[in-house]
């Protein structure tokens, strides 16, 4: 297996991060370069390079990520709305080769996103 991803290093406590949620399947951290007042990254502890490479066997984990993001949004008091973003590949804006969900909120978000 190749070198650990940034998120694997964070989950292993090799790199510090502000953790807002952790369970046996996933972790959520505050983004160090926030694009909204609330910008949290939710990622599986199991390494999946990107959503486009997930398998049918990953379906329960993918659902868990989305439900965890929704629960975190409630905890962050984002009742007025929030956005979930998953980048896939270089043209999709992916910069870390480990599936993660961006939870953005705390202000009016524009459309189209970019």
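Quick notes on this structure:
- Residue 51 in contact (Cβ under 8 Å) with a residue 40 or more places away in the chain and touching a helix residue (DSSP H, G or I) at 6+ places or on another chain (Cβ under 7 Å): no
- Per this entry, residue 69 is not counted among residues that are at pLDDT 95 or above, in a helix (DSSP H, G or I) and more than 14 Å from the chain's Cα centre (by Cα).
- Meets criteria (touching a strand residue (DSSP E or B) at 6+ places or on another chain (Cβ under 8 Å), surrounded by fewer than 20 Cβ atoms within 10 Å (Cβ to Cβ) and in contact (Cβ under 8 Å) with a residue 12 or more places away in the chain) for residue 96: no
- For segment 20-48, a tally of residues being touching a residue at least 40 places away in the same chain (Cβ under 8 Å), out of contact with any helix residue (DSSP H, G or I) (no Cβ under 9 Å at 6 or more places or on another chain) and farther than 15 Å from residue 6 by Cβ returns 4.
- Criterion violated by residue 108 - all others in (1) over 12 Å from the mean Cα position of the chain (by Cα); (2) surrounded by 12 or more Cβ atoms within 10 Å (Cβ to Cβ) satisfied: (2)
- Odd one out for residue 74 among (1) surrounded by fewer than 12 Cβ atoms within 10 Å (Cβ to Cβ); (2) at pLDDT 95 or above; (3) part of a loop (DSSP other than H, G, I, E, B): (3)
The values are calculated or read from the model by the stated rules, or taken from the named source; none is laboratory data. Everything quoted here is computed from the prediction, not taken from an experiment. No Cβ is skipped: glycine too gets one built from the backbone with ideal geometry, and neighbour counts run over all protein chains shown.
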